[in-house]
1. Could you state the angle between the C-alpha long axis of helix 94-104 and the longest principal axis of the C-alpha atoms of the chain, as a value from 0 to 90 degrees rounded to the nearest 10?
2. Restricting to DSSP loop positions (anything but H, G, I, E, B) with no more than 13 other Cβ atoms inside 10 Å of their own Cβ, which GluC sites (Glu not before Pro) remain in the range 35-108?
3. Please list, ordered by chain and number, the residues whose modelled amide H lies under 5 Å from the amide H of Cys32; skip anything fewer than 5 residues away on the same chain.
4. Percent of accessible area on the chain owned by carbon and sulfur, 1.4 Å probe?
5. By how many degrees, 0 to 90 and rounded to 10, does the Cα axis of helix 14-26 deviate from the longest principal axis of the chain?
6. Find the accessible area per residue for the chain; the probe is 1.4 Å, ligands and nucleic acids are left out, and the unit is Å².
7. On a 0 to 90 degree scale, rounded to 10, what angle separates helix 66-76 from the longest Cα axis of the chain?
8. Compute the distance in nm between two label points, each set 7 Å from the Cα along the Cα-to-Cβ direction, one at Arg101 and one at Phe87.
Amino acid sequence: MTDALTVHITAPDVARAAELARALVAERLCACVNIIPQVRSIYRYEGKICDEAEVLCIVKTRPALFARLQSRVRELHPYQVPEVLAFAVHDGSPDYLDWLRESTADAG
């Protein structure tokens, strides 16, 4: 097990995803955000089946920063119920994991 998480966050469009990503990286709450456009999400919300185009953000951070990251996403995100799902990173490139820790060091 490493001291790293990946976090999935969906956004309504690339512009909103980029705004969110820039804020999280600038605030050192994460080291990197990959923005993947053209995700199709089918889900139930408020009793209706929705079929929407979205953007997926894959965020690289540390467990110690997750609560702050999640709180910041809730502040910045346009959705009433934003997707913020964290997954433990069990193994990875030592150099990348060192960079992740260094890139978020001042936030933790």
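The values are calculated or read from the model by the stated rules, or taken from the named source; none is laboratory data. None of these values were measured; they are calculated from a predicted model. With ideal geometry, Cβ positions are generated from the backbone for all residues, glycine too; neighbour counts draw on all protein chains shown. Quick note on the areas: whole protein, heavy atoms, side chains included, nothing else; ligands and nucleic acids left out. Shrake-Rupley method; radii C 1.70, N 1.55, O 1.52, S 1.80 Å.
1. The helix 94-104 is inclined about 70 degrees to the chain.
2. Glu46
3. Hits under the 5 Å cutoff: Lys60.
4. 52 percent
5. With both axes taken from Cα atoms, the answer is about 30 degrees.
6. Result: 60 Å² per residue.
7. Taking Cα atoms only, the helix is inclined about 40 degrees.
8. 2.3 nm
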